[in-house]
Every structure is written in structure tokens, then in C-alpha cells.
Amino acid sequence: MIYAMILIFVAGYVFIAMEHTIKVNKASVALLIGTLLWIIYVYLAPGTVLNVSPDAFNHYIDSHADLQHHSFAVQVRHFVIDHQILESIGDIAEMLFFLLAAMTIVELIDVHGGFTYITERITTRKKRRLLWLIGFITFFMSAVLDNLTTTIVMIMLTRRIIREPRERWLFGSIIVIAANSGGAWSPIGDVTTIMLWVKGNISAAIIPQLFLPSLVSMVIPVFIAQFLLRGSIKDETAQEEERENAELLLHMQKKDRLGILIFGVSILVLSPVFKAITHLPPFIGLLLGVSLLWIYTEILYNHKNQLSESLKLRVSKVLGRIDFSTLMFFLGILLAVDALQSAGILQQASTFMAQHLPNVYAQAYTIGLLSAVVDNVPLVAASIGMYPVVDAAAVSSMGNPAFMQNFVEDGIFWHFLAYCAGVGGSILIIGSAAGVVFMGLEKVSFGWYLKRISLIAFIGYTLGAGVYILQKAVF
């Protein structure tokens, strides 16, 4: 059954990677493999639980006296259903609530025109200067917002400025690279860093550690790509697509849009501060922020009596615009990875990597290359399962303390993994959510990106990784 679980997991990933070919939403496949793996595991557990989780199982049985007189198979079934699955769901719920709250805040800012304060201030028409400007704006924006939203906002911006599709493809490719690089150095910048942060693998200390490597991974591709551009953009703007909320924006004063932008971004930026002060899970801070922003928008609309109720985009309406299929995808993937972890498969993979790769740098770098092909969310989830966070106080008593030091909170492996998994996804257009949405919005082919951009992205990824390793060697 172990091989059946691995086969289902690998086959599921093939279908997820081929989403645009087979025309089946990847969320449905993720949910299928996530549930199937737990079904198989519940029957497999009696043969593996004492090898994989002996301490947790024995503690569970000792604390449930009513189970001690039942058969071993019954005890294991209760352990899986009442302990392992519930623990998995609890961890996953933290992640999903955080993402739901963050997506709600970003959507509220967007529908009320908050992001236009950024886009309206880009006036240059020099192609190379515009490329650098868009690269840096995307880089810093994605450190606060999720990569997906940042990519959409910036792609829409380039549509207003650049008419020629092939030139827009080049700008869009840089947006993808900058979004992935910018998300890697912030604990709230990318889904993978959010996962590591929520799980306690990293903290805000990641910012000074990864800022320079991430910046290099963005600057180098922009520097190379600029030589593919010459001259200025004609003083013509692409016709803007009509927005569903266009009439609402006509009634929004500048101070209203600016207020929502500042309020929303402040909530996102201050979420690490909230966690550091209260020690509560980050999703509590974001849900608090959503409630305050909700109240703020309700008060705002109550003062706009001249505006029709049908045009008002209150939070109750905005929630309907959230991409819940993305949340379902994460749910399915994380369920699948937890099932593999419970079955001991990830521990075996960890042992294999430790034996065949010389150090944690090589391991994380390899995971980054894999993230160009396989979605980085499950790769990071699998890595978290393979290498649990080590208690810093217990490192000295372990068999190889120098090696295990890499896996404490904010250890080298976790920081380098955050960089590699985030930036490595830029190498192929299907390697990140930002790349996939760019491919969908601009109808970019896999082959074009592979031929024109993949090598540029790979050079940036590798040089950024080298900068991180050099930082550690010097400092």
C-alpha cells in the first residue's frame, strides 16, 4: 500500500501539472489525492504506526483508558481518526484562515481602487526604464501582497501602457520573476513563506537574511532582459477593459481609496508584529484586521447615501469574489502531504536526500529546481514533513548537533528553502501561481517562455543562491 500511496501522489501531480491540457481544475485533483491517501493510510496504519509514530501512539493510548482493552487494530484506527487527522486539519485550518483573510483584504483594496495609487504614478515611456520600474514595484509589492494578486495588478498595468503583445510578454515575464523573488524574503510575501512562518520554521528574521539574495535574483534577469528592448513606447495606451466596479470607483473620493489602501496594507504588514507581541497564530491577527476593515467600509458606505446599494461592494459581496478553488487546492495538497508524513514516506525521502546530497544547501537548491516543475506549495509542505523544526535547547544532545542546527527555527535550511522554493518557480512558466496566471491572462505559450526567459530566470536563481551561501560563509 505504500507504493500505492506514492503512485497516487505522483499521478495526481502529473494531472495537476497538465491542468491546462486536460481541462480539469487542479483543485479537484488535489482533493481527490488528499482524500484517497488518507483512506489508504487508515488501512495501512496498523503495519506502520509503531515504526513511524511510536511515542505519539503510546501516549494516545495511555491517555485513553477506554481503548486499552480493545484490539490493536481498533486502537490504531482511533489514533488515526481522533488524533492524526484532527491534528492535520487543525494545522491546515490555520493556513486556510490566514489565506482567506489575506485574500479578503487584498480584494477589498482592489475593488475600491486602492491599487490605482500605484499604477497611476508610472508615467515613463522609455522601455528599459519602464522595465526596471515595473520590476522594482513588483518586487516590493509582492513582499506585502500575495504573488498572484501582485501579478494580476501589474499585468493589468502593462496592458494600459503597452500595445504590442510580444513586448508585453517580456514585461510580464519580468513581473513573474520579480513577484516570486519579492515574495521569498517576506514572511507574508508568498504562500510558501506563509506556510513556513505559520508552522514556526521561520520568523521575521528572514527579511535581512533573504533580502539581498532575492534582490539579486530579480535584478540579474532585468539587467539581461533590458537588452531585448530598445527605444520608447508610442504615446498610445491600450484600451482599458471595463471593470465591473467602474461606476463604484467614480463615486470613490481619493481619500476613500487611499484610506482603504493604507488600512489594508497596514494590516498585512503588521501581522508579524501581532504574532511577536501576542504569540497567537497569525490568522487571528488577520481576522482581527478583516473585522476592522469591514467596520471601516460599512461606515464609509453609510455616509454615501447617493450611491445605489447594488453598486456598493461590501465585504459580504467581496467574499463571493474570492477564489475558493485556490483554497480547496491547498486543502487537498496539504491533506495529501500529511497522509504521506503519517505513513512515514516523507521520513524515508528525507533519509534518501541526506544520504545522496552533501549538505542542506544542495538539498534546498534541488527542491528549488523541482519547484519549477512541481507546484512549490506541496514541495514546501513535504519538506516541513521531512525535516521537523528542532528545539534549539535539545540540539546539543543530538547525535549530529552541527547538522541539526540547520533545522532550528530560522535555521539555514528553512531560510534557504524559502528562497529556493519561491524563486525556483520562475524557471518555468508553470512553476508558480504567478506564472500560471500570466500564461492565462496573456496567452503565453510554454515554449516561448522556455526559449526566452527560463535561462535568464535560472541565472538569477543560481546567483541569488550563491549570494546567500556567500553571506553565510562571510558573516
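A few notes on this one:
- No other residue among Thr150, Thr158 is within 24 Å of Trp448 (Cβ to Cβ), out of contact with any Lys or Arg (no Cβ under 9 Å at 6 or more places or on another chain) and either of a type outside the set (S, T, N, Q) or in a helix (DSSP H, G or I) (or both) apart from Thr150.
- Qualifying helices (runs of 4 or more DSSP H) (wholly inside the stretch 52-124; at least 2 residues being surrounded by fewer than 14 Cβ atoms within 10 Å (Cβ to Cβ)): 54-62, 72-79, 85-111
- For the stretch 360-386, the candidate set comprises residues that are at pLDDT 80 or above and assigned to a loop (DSSP other than H, G, I, E, B); within that set, the residue that is nearest to Leu31 (Cα to Cα) is Ser371.
- Pair list, Cβ under 8 Å, 6 or more apart: the stretch 345-370 residue farther than 18 Å from Phe9 by Cβ, other residue of a type in the set (Val, Ile, Thr) and surrounded by fewer than 17 Cβ atoms within 10 Å (Cβ to Cβ): Leu357/Thr366; Tyr361/Ile469
- Filter result for Val216 (under 14 Å from the mean Cα position of the chain (by Cα), touching a residue at least 12 places away in the same chain (Cβ under 8 Å) and on the phi < 0 side of the Ramachandran plot): no
- Condition met for Gly47 (modelled with pLDDT under 90 and closer than 23 Å to Gly385 by Cβ): no
- Look at the stretch 432-455: where a residue is closer than 17 Å to Arg168 by Cβ and a partner is exposed (fewer than 15 other Cβ atoms within 10 Å of the Cβ) and hydroxyl-bearing (Ser, Thr, Tyr), sitting 6+ places away or on another chain with Cβ atoms under 9 Å, you get Met439/Ser445.
- Remark: Gly440 falls outside the filter, which requires a residue to be outside any helix (DSSP H, G or I), closer than 22 Å to Asn25 by Cα and modelled with pLDDT under 85.
- Residue under evaluation Asn406, criteria (1) in contact (Cβ under 8 Å) with a residue 60 or more places away in the chain; (2) assigned to a helix (DSSP H, G or I), criterion not met: (1)
- Among the residues of the stretch 387-403, the ones that are among the aromatic types (Phe, Trp, Tyr) and in a helix (DSSP H, G or I) come to 1 in all.
- Residues of the stretch 443-453 include at least one that is outside any helix (DSSP H, G or I), under 20 Å from Ser181 (Cβ atoms) and at pLDDT below 90.
- Matching residues, the stretch 15-36, being part of a helix (DSSP H, G or I) and polar (S, T, N, Q): Thr21, Ser28, Thr35
- Filtered by the rule that a residue be in contact with a Leu (Cβ under 9 Å, 6 or more places away or on another chain) and not β-branched (Val, Ile, Thr), the stretch 256-286 gives Asp256, Arg257, Gly259, Phe263, Gly264, Leu268, Ser271, Phe274, Phe283, Gly285, Leu286.
The values are calculated or read from the model by the stated rules, or taken from the named source; none is laboratory data. Small disclaimer: the values here were computed from a predicted structure and weren't measured. Don't worry about glycine lacking a Cβ; one is built from the backbone with ideal geometry, like all the others, and counts go over all protein chains shown.
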